[in-house]
Every structure is written in structure tokens, then in C-alpha cells.
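Asker: Got a structure for you, written out below as C-alpha cells; questions coming shortly.
Values in this text are rule-based calculations from the coordinates and carry no lab data. Note that the structure is a prediction, hence the values are computed from the model and not measured. Positions of Cβ are backbone-derived with ideal geometry, glycine not excepted, and every protein chain shown enters the neighbour counts.
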Ligand SMILES: *Cc1c(COP(=O)(O)O)cnc(C)c1O
């Protein structure tokens, strides 16, 4: 059996909506389907203002422009994240101050951020790793005290909550991704969420290449012109049409992923607790990612190759950004122990909409076999593949 790490879900309605967008003869941005997607997010989650972008990276870059990030500003970012969480601010000349993950999961530890805050700190990027919420009350209190902006990198956190509040709606700005690797996708796509009224007007201008074209298309002004900085952050109607098909299936996608997550968790519970993912009481679970945290880098590599030899693609995640080839010369030398642990020991199991009961069973049995929780080599009935367990 061969099981890849991810298989993007398709509802079957994507091509229908794309053809419809073509028939409407408006395939550039900010048309009918962009409007449908915007309204979907505003109704379902009560977001104040949203803008569909070409990626979550775009949304993060828009956030950096909106907050007027300047050279000399400091931005606090977890090191265990994707490059865009930091890169978007470096593009504006900011200095990145990396912070460590907590002990129990890869999310930032708010206590460790406190000593990093100073008069140059302009913003904190909260990454909700695997769709699991950071402790937002603690973080917002800290930010308020020091007059700092909070941007939620909710790239993986669609349809997830903190104490019942949708992620992306709590910081000043939020960013979601619709990259192929995420729960809901349109290939490449993203969303900027504006939670502070002060930013609404300017966010539309930045989105439309620095012009007030969005106001023009609503008939509010008779011509549009260059107003501010911006770029081409808005996504084409073809992508928006694809995305809308997926949004309509949100509930079935999410419940299926959550069920897979729960099955992995329940059936691997026999493992010592340190291996299992930790979701704090204040966070929901959107089934984005199921991972194990091995005891050592060596054990992780062995598990990964054992699964790979048996056709299962399990993968680690981030190379900590403070140790990346680009940033290591810029880092201030602080050791980030938990980031290092997750960087070397975390391994993710396949999780996607169309994973079958047989595939899940096969994966679980092999993980158990590796940890000697089951003794017998697994034979799989469907293709009668004999799996030989190495000592
Ligand atoms: C996927 C991801 C991004 C980037 O999203 P794109 O839509 O590919 O730009 C940023 N941050 C995190 C935490 C991600 O997981």
C-alpha cells in the first residue's frame, strides 16, 4: 500500500463554478465569486472585513504594510513556523526577534515573549500551529499593555476557535491560507482578516495596487487613482470560484479530518503521553495536522524510514527559522530549546479528506509495530503485502 502525506480534496463543483465565472466575463479580481467568498467568511465567522488574496503570504505582507512597519521596528515571531510569518516583515526592513515554542506544543510560550518586548517592538505574530490556538487572552493582554499589534498567522487554522471565538478574529489582523496543503484550498490562495476599523479603508487600497478601485467599483467615486502603497494582492475570480466550491463543503471536510485525527489519537493512546499532540482546553481542533513527538532526532528518522519502507509518507515540519541558512547569521544566539525539539523530533502522519479506513488502519498498525505495541508483522489483506519488521 502506498499512502502519500496529502491528497487535496475536490468537491466536484469547482469546474462548474469556474465555467460560470468565465461565462460572467469577469475573471480578474473582486468579482462575483470573490464577493461570495467574502460574504461566506463574514457571515460564518462574524469577521469585520476580509479580503481574498493570492496566498497567506500576501495577507501577511499586506499586514506589514498596513501596520506601517519600518526599518528599526522589531517583530516577535515564533521560530517554529513557515518563512512567510517572518519574511513579510523583513521585506519592510523590520528586525525579527524569534521566540521559542512551549513545552507541550509548538505554539509560542507567552511567558517567554515578555522579556523580548522593548520600546522598538511593533508587533507579535501568533502562529496557531496545526490549527491549535495560542493563548490569545494572555497575548492580547501583553500586547495591550505595551501598545503592540498582534497578527494571527492562522494559515492552518481555518474554522478553528479559541474559547469559542474564531481564530483570525482576535488579533488586530488575521491571515489564513488556502494553499493545497491546507484543509480548504484553491491551489494558492489566502485571506486577510481586518478586525480593527482603523485599517478597513486602507486595506482595500493596498489590496488593489495602491488604488481606490474597490471604492470605484462600488460607485463611491467617479474615477480611481493612486492613493497609497500597495500591490496586486487580490486573487483572480477563477481561484475564488474554486475556493467557493470548497467553502460550501466546509462542514463535511472538517468533520472528516477531525474524525481521522481522533482515530489516530484514540488508537495511539497506548504510546507514552509525551509522543501525543497536546491541544489546550481553550482550543478547538480543526483536524489540520496529526503529529507525534519522538524522543530523539534518531528515533524520528527511524520511524520515518520504517513508515517510508512500508509505503507511508510521514514527514517532519519546519527547519527552525533561527537556524535556517538565511537567518542563522542574523540570529542573536539565544538557544530555543523547544523549537529545536519540535524541529528534530516532530513527525506528521498522513491526514486528508479521502483517507480510507484501510489506510488509517495500516498506518496505525505500522506506528504501533515500530514502537513494539503490536508484535506481529502486519499483513494487509487487500494487496497481501508482507511487512517485515526490523529489530
Ligand atoms: C502555509 C503557511 C503559510 C503560507 O501560506 P501560503 O498561502 O502558502 O502563502 C504561512 N504560515 C503558516 C504557519 C503556514 O502554515
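Asker: How tilted is helix 32-45 with respect to the longest principal axis of the chain? Cα atoms for both, answer in degrees (0 to 90, nearest 10).
Answerer: Helix 32-45 sits at roughly 70 degrees to that axis.
Asker: Quick one: Cα centre-to-centre distance for the stretch 127-172 and the stretch 22-41, in angstrom?
Answerer: 28
Asker: Going 7 Å from the Cα of residue 248 in the Cα-to-Cβ direction, what parts of the stretch 18-61 have a backbone nitrogen less than 16 Å from that spot?
Answerer: Once the point is set 7 Å along Cα→Cβ of residue 248, 18-24, 32-41 turn out to lie under 16 Å by backbone N, inside the stretch 18-61.
Asker: Rounded, prolate or oblate, given the Cα gyration tensor of the chain, with a/c below 1.5 counting as rounded?
Answerer: Numbers: a/c = 2.28, a/b = 1.36, b/c = 1.68.
Cα axes put the chain in the oblate bin.
Asker: Something else: Can you give me the relative contact order of the stretch 160-316 as a percent, contacts being Cα pairs under 8 Å and 6 or more apart? Mind showing how you got there, number by number?
Answerer: On the way: 183 pairs, mean separation 30.2, N = 157.
Computed over the stretch 160-316, the figure is 19 percent.
Asker: What value in Å³ per residue do you get for the convex hull of the alpha-carbon atoms in the stretch 25-164? Intermediate values should be presented prior to the final figure.
Answerer: On the way: hull volume 16.3 nm³, N = 140.
Considering the Cα atoms of the stretch 25-164, their hull volume per residue is 116 Å³.
Asker: Just want to confirm a number: the relative contact order over the chain, from Cα pairs under 8 angstrom separated by 6+ residues, in percent. The partial results should precede the final answer.
Answerer: Working: 787 pairs, mean separation 85.3, N = 391.
22 percent.
Asker: In the stretch 62-138, what % of DSSP beta bridges are antiparallel (nearest 5)? It would help to have the intermediate numbers written out before the result.
Answerer: Values: 1 of 9 bridges.
Of the beta bridges lying entirely in the stretch 62-138, close to 10 percent run antiparallel.
Asker: Also, quick follow-up: Over the chain, what is the percentage of antiparallel beta bridges among all DSSP beta bridges, to the nearest 5? Could the numbers behind the result be given before it?
Answerer: Values: 25 of 42 bridges.
Approximately 60 percent, going by the DSSP bridge assignments.
Asker: Counting pairs of alpha carbon atoms under 8 Å apart in space and at least six apart in sequence, what relative contact order in percent does the stretch 1-149 give?
Answerer: Contact order relative to length: 17 percent.
Asker: Let me ask something else. Take 60, 268 and order them by how many other Cβ atoms sit within 10 Å, fewest up front. Each step should come with its number before you reach the end.
Answerer: Working: 60 27, 268 20.
With the sparsest Cβ surroundings first, the list reads 268, 60.
Asker: A follow-up question, please. May I ask what percent, to the nearest 5, of DSSP beta bridges between residues of the stretch 136-288 are antiparallel? Before the final figure, lay out the partial values.
Answerer: Numbers: 10 of 13 bridges.
The antiparallel fraction comes to roughly 75 percent.
Asker: Note down the nm distance, to one decimal, between modelled labels 7 Å out along Cα→Cβ at residue 201 and at residue 226.
Answerer: Those two pseudo-labels are separated by 2.1 nm.
Asker: Let me ask something additional. Any chance you could give the angle, 0 to 90 degrees and rounded to 10, that helix 237-248 forms with the longest Cα principal axis of the chain?
Answerer: Relative to the chain, helix 237-248 is tipped by roughly 50 degrees.
Asker: Could you give the length gained on full extension between residue 15 and residue 262, defined as 0.36 nm per residue of separation minus the Cα-Cα distance, in nm?
Answerer: So the chain would gain 85.7 nm between residue 15 and residue 262.
Asker: Please compute the length gained on full extension between residue 215 and residue 26, using 0.36 nm multiplied by the number of residues separating them and subtracting their Cα-Cα distance.
Answerer: Here the answer is 66.3 nm.
Asker: OK, next. Roughly what angle does helix 14-23 make with the longest principal axis of the chain, taking Cα atoms, 0 to 90 degrees, to the nearest 10?
Answerer: Tilt relative to the chain: about 20 degrees.
Asker: Rounded if a/c is under 1.5, else prolate if a/b beats b/c, else oblate: with a ≥ b ≥ c from the C-alpha gyration tensor eigenvalues square-rooted, which is the stretch 30-100?
Answerer: On the way: a/c = 2.65, a/b = 2.14, b/c = 1.24.
Prolate shape, in that a/c is at least 1.5 and a/b is the bigger ratio.
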